[in-house]
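Before any comments, here is the structure.
All of the numbers you see were taken from the coordinates with simple rules; none came from a lab. Please read all numbers here as calculations on a predicted model, not as lab measurements. Cβ sites come from the backbone with ideal geometry, for glycine too, and all protein chains shown count toward neighbours.
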Amino acid sequence: MTASTPGESELVNPGGDVLLCEHIAKNYGAVTALTDVNLRLKRGEVLGLIGDNGAGKSTLLKILCGFQPPSSGRIILEGREVSFKSVDHARSLGIDAVYQDLALINQLTVFQNMFLNREKIRWPLVRNGIMRKEARERLDAVGVQVPSVNAPVATLSGGQRQAIAVARSVFSDPKILLLDEPLAAMGVKEGAIILDLITRLKREGNVSIIMIAHNYAQVFEVCDRINLIQGGQITLDKPTSETSAEELTELVVQEYRTALEERQRAERSA
Amino acid sequence: MSETAERTIGETGAPQRGPTGVGGAVVRALRLLGRQREATVFVIAVALFLYFVIDKGSDFTSKSNQVLLWSDFTTPIIIIALGEVFLLICGEIDLSVGFVVGFAPYFMHFLTDYYGFPGLLAILFGLLLGVFVGLVNGFFTVTIGVPSFITTLGTGFVLMGLINTTSHDQPAAVPADVLGIGKWIANYAWAPIIWAVLLTAVFHIVLTRTRWGLHTVSAGGNLLGAREAGINVGRIKYGNFMVSGLLGAFVGLQQMYYTNNIAPTAGSYQWMFYAVTAAVIGGTAMLGGVGTIIGAFFGAVVLGILLDGFPLVGVSADPLFIIFGAAILVAMVANVQLTRLRERGQR
């Protein structure tokens with residue numbers, strides 16, 4: 001890397017993984033959310049990120065989408081080390097996220113939400129006509145049905161809201177899509193819309209996906225590889241075909257058992 | 001209402017989903033009104049106006065009273081409300097703006113009369129004072145994290161103290177240097193209300209048709225969500241505080257020209273209370289995310305008509321506030337109910 005000049009990031013891993021995390025840690029004051037996360041995402045794959053509540057899944061996701069910086073560690077995007085300055089910055093580099101809370105504005109309409117913070121404008125005005133049209137086309141393309149793109153999102157069902165959030169995130173043709181519990185609080189029928197959408201994106205092959213999930217059945221349906229995160233680091237990394245729901249359950253149960261034993265030991269010594 | 005009338009309404013009413021009968025007709029009428037947040041307050045404003053027009057005993061319709069009604073009573077409420085609506089929508093409030101109204105003319109007067117600033121430049125700095133107060137409000141609220149209710153309560157008192165201290169509680173004459181521009185701002189009888197209408201149009205477009213407006217709604221509707229979408233929420237709030245201050249300063253200058261006097265009593269909490277009342281009557285929620293400029297405009301018109309009209313028909317100023325208070329409560333209850341109806345209609 002003799003040719004690299006200051007300010008220009010060096011090529012670390014050319015041609016390999018689309019995203020690489022090395023020794024990512026995150027502290028909030030005295031609280032450690034992530035201790036040492038090493039993660040890689042291959043081009044075109046769907047990576048399932050599972051783990052107990054508070055294991056650090058969402059924290060990791062919010063680092064990867066530029067919402068917050070890591071305390072230490074390196075993020076390598078397509079072979080170049082990057083440090084995201086903001087959500088917009090990460091988005092401009094091709095990373096988009098769907099948050100657990102969806103980041104929808106109830107008071108705004110479907111199309112306004114789909115273009116939130118990436119509105120089409122002819123200065124100084126927003127171009128409602130073209131945004132309505134494109135929102136409609138995009139929703140049709142991904143097979144999401146809503147009563148009207150002019151309806152406030154407050155009036156939609158949980159599944160429709162989720163679908164809009166996902167459809168919105170693939171608007172800018174991201175290279176990497178981060179999904180935080182895209183199937184949470186959803187019925188089987190509504191969940192199927194999202195699973196369908198993810199499968200479709202996977203088939204098109206332009207996007208690599210990291211997906212946080214609780215429901216193992218859904219994880220095994222769409223994910224190519226699974227990472228288990230425990231106590232702020234990744235403790236298991238296997239292709240979906242080489243693991244099973246039983247193995248994952250066993251690992252999580254073990255974690256509970258260990259925690260329980262530690263507590264009992266602490267109580268005895270107290 | 002007779003049975004036939006009921007049936008006719010039931011049969012011709014467009015969507016057949018709602019309840020039928022008299023109650024149903026009322027619900028449908030309300031639903032129609034409710035579709036546009038502004039419609040309710042518009043109807044109230046028109047009804048009040050007509051009430052005072054029909055009451056022949058007064059000279060409500062005379063030109064001098066109409067100027068008084070629109071340019072004196074209504075204009076300052078409208079213009080200050082424009083800033084408050086944006087702040088309320090993004091989840092904040094500016095209690096200090098009334099004292100910007102009072103201090104901006106003094107600031108301008110000090111600059112011209114004591115420091116020799118040319119008139120136009122002094123006016124510009126008078127307006128910038130409002131922007132600066134907004135910046136300070138933004139700093140304490142956004143950067144430090146003090147709730148804006150407390151921040152602006154504090155800056156309001158500071159400004160009140162500054163007015164009293166620097167003016168030694170004495171009024172001042174409008175500096176000769178700045179008199180020329182006065183006719184454009186306020187001295188021509190209809191100038192103030194023309195400003196108010198133009199600014200209302202601009203702010204309505206900004207709220208509904210620009211990124212700034214949409215992001216203001218987003219910041220108040222879902223703060224975390226707006227942040228996650230990459231919206232710089234702090235910048236939005238800073239900006240809206242500064243605009244509120246700027247509008248306050250502009251109203252201060254209008255008042256100065258209109259009354260041809262700079263008075264320490266011009267600054268008060270009353271401006272803010274009227275403006276917030278207008279916004280609330282017009283359908284702006286205190287919880288953020290919801291509000292309309294047109295609604296606030298007509299809310300201000302309602303207040304202006306009440307302030308102007310009641311003394312004309314012989315009602316003393318004393319019970320006026322009872323009516324104001326009741327109007328706020330009724331408007332809030334109506335808004336909550338209409339919102340529910342609206343949402344039911346859209347499902």
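If you filter region B:211-223 down to residues that are in contact with a strand residue (DSSP E or B) (Cβ under 9 Å, 6 or more places away or on another chain) and not aliphatic (A, V, I, L, M), you find that the one that is nearest to the other protein chains (Cβ to nearest Cβ) is B:R211.
Anything in region B:92-123 that is assigned to a loop (DSSP other than H, G, I, E, B) and under 23 Å from the mean Cα position of the chain (by Cα)? List them, or say none.
Filtering region B:92-123 for residues assigned to a loop (DSSP other than H, G, I, E, B) gives B:92-96, B:114-118.
Across region B:92-123, the qualifying residues are B:E92, B:I93, B:D94, B:L95, B:S96.
Figure legend. Inter-residue proximity from region B:169-183: first residues under 17 Å from B:A104 (Cβ atoms), second residues among the charged types (D, E, K, R), beta-carbon distance below 8 Å, spacing 6+ or different chains. Indicated pairs: B:A172/B:D113; B:P175/B:D113. Taking the criterion of being more than 10 Å from chain A (Cβ to nearest Cβ) and of a type outside the set (G, A, S), the residues of region B:224-248 that qualify are B:V233, B:R235, B:I236, B:K237, B:Y238, B:N240, B:F241, B:M242, B:V243, B:L246, B:L247. Looking at region B:256-269, is at least one residue polar (S, T, N, Q), touching a strand residue (DSSP E or B) at 6+ places or on another chain (Cβ under 9 Å) and within 30 Å of B:A172 (Cβ to Cβ)? Checked against the condition, which is being polar (S, T, N, Q), touching a strand residue (DSSP E or B) at 6+ places or on another chain (Cβ under 9 Å) and within 30 Å of B:A172 (Cβ to Cβ), region B:256-269 yields at least one hit. For beta carbons closer than 7 Å, sequence separation of 6+ or different chains, a first residue in region B:310-336 that is farther than 18 Å from B:A45 by Cβ and a second that is surrounded by fewer than 12 Cβ atoms within 10 Å (Cβ to Cβ), the qualifying pairs are B:P311/B:A317. For A:S83, the conditions (1) more than 8 Å from every other protein chain (Cβ to nearest Cβ); (2) buried (at least 23 other Cβ atoms within 10 Å of the Cβ) are fulfilled apart from (2). If you go through region A:27-36 and keep only what is without any contact (Cβ under 8 Å) to a residue 60 or more places away in the chain and either in contact with a strand residue (DSSP E or B) (Cβ under 9 Å, 6 or more places away or on another chain) or within 16 Å of A:E81 (Cβ to Cβ) (or both), you end up with just A:N27. Within region B:56-90, the set of residues being in contact with a Leu (Cβ under 8 Å, 6 or more places away or on another chain), surrounded by fewer than 23 Cβ atoms within 10 Å (Cβ to Cβ) and assigned to a helix (DSSP H, G or I) comprises B:N65, B:F73. Note on region A:147-189: among residues that are β-branched (V, I, T) and more than 12 Å from chain B (Cβ to nearest Cβ), the one that is nearest to A:S208 (Cα to Cα) is A:I176.
Looking at A:S172, is it within 19 Å of A:L64 (Cα to Cα) and not hydrophobic (A, V, I, L, M, F, W, C)? So A:S172 fits the description; yes. The residue that is surrounded by the most Cβ atoms within 10 Å (Cβ to Cβ), counting only those in region A:86-131 that are of a type in the set (A, V, I, L, M, F, W, C) and free of Cβ contacts under 8 Å to residues at least 12 places away in the same chain, is A:V126.
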